[in-house]
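Worksheet for the structure shown next.
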Amino acid sequence: LHKAIRRQRQMCIRAEVVLIGRTTKSPELRYAPGTGTAVCRFTLAVPRAFKKDEAEFINCVAFGKIGETIAQYVLKGRQVAISGSIRTGSYDNNAGNKVYTTDVVLDSFEFIGNNKNSNWEAQSQEDGFEGVPVDDYDGPF
């Protein structure tokens, strides 16, 4: 038993999630000062399982190439599947109050379903765009 506990402590434990939902607005892309790393933020509306007209609104962040791809191709209302890890944090707002945050930091994403925005369909047919390979993940999921 002690070996198992010790081994578990040595392993990197992450709170991993896989979500399917629609973007509530077009993603915002910025670049981190100093490093120039792409940082893309967006909110995903995920329907609640047993409440027909209710959703959870999940704050998401993607870095680097994944973030740039999302910013370029994902528009408001686009249905996507994301996988990543939950990150919590806090900061002091302008009033001096501590604000706690929870974000999903993306490891990968996929376009799924039909897009509500017809501009996407027209652009994808014009450009010959059939999809964007984002991740060659070989994991068990």
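The values are calculated or read from the model by the stated rules, or taken from the named source; none is laboratory data. Keep in mind the model is a prediction, meaning the values are calculated, not measured. Note: ideal-geometry Cβ built from the backbone for every residue, glycine included; neighbour counts use all protein chains shown. Just the protein is used for accessible areas: all its heavy atoms, side chains included, with ligands, DNA and RNA removed. Shrake-Rupley method; radii C 1.70, N 1.55, O 1.52, S 1.80 Å.
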Item checked: Total residues in the range 45-58, condition assigned to a strand (DSSP E or B) and either more than 18 Å from residue 71 (Cα to Cα) or open to solvent by 70 Å² or more (accessible area, probe 1.4 Å) (or both) -> 5
Notebook entry, point to check: What pairs come up if the first residue lies in the range 30-44 and is surrounded by 17 or more Cβ atoms within 10 Å (Cβ to Cβ), the second is of a type in the set (Asp, Glu), and their beta carbons are under 8 Å apart, counting only those six or more places apart or on different chains?
Noted result: 38/68; 40/28; 40/68; 42/28
Item checked: Verdict on residue 65 being modelled with pLDDT of 95 or more, outside any strand (DSSP E or B) and loosely packed, with under 14 Cβ neighbours inside 10 Å -> yes
Note to self: Whether any residue in the range 69-85 is touching a residue at least 24 places away in the same chain (Cβ under 8 Å), assigned to a loop (DSSP other than H, G, I, E, B) and of a type in the set (Val, Ile, Thr) is what I want to check.
What the structure shows: yes
Checklist line | Selected residue (criterion: nearest to residue 76 (Cα to Cα)) from residues of the range 15-29 that are open to solvent by less than 70 Å² (accessible area, probe 1.4 Å) and in a strand (DSSP E or B) | finding: 23
Next item on the list: Determine, yes or no, whether residue 88 is open to solvent by 50 Å² or more (accessible area, probe 1.4 Å) and in contact with a helix residue (DSSP H, G or I) (Cβ under 9 Å, 6 or more places away or on another chain).
Entry: no
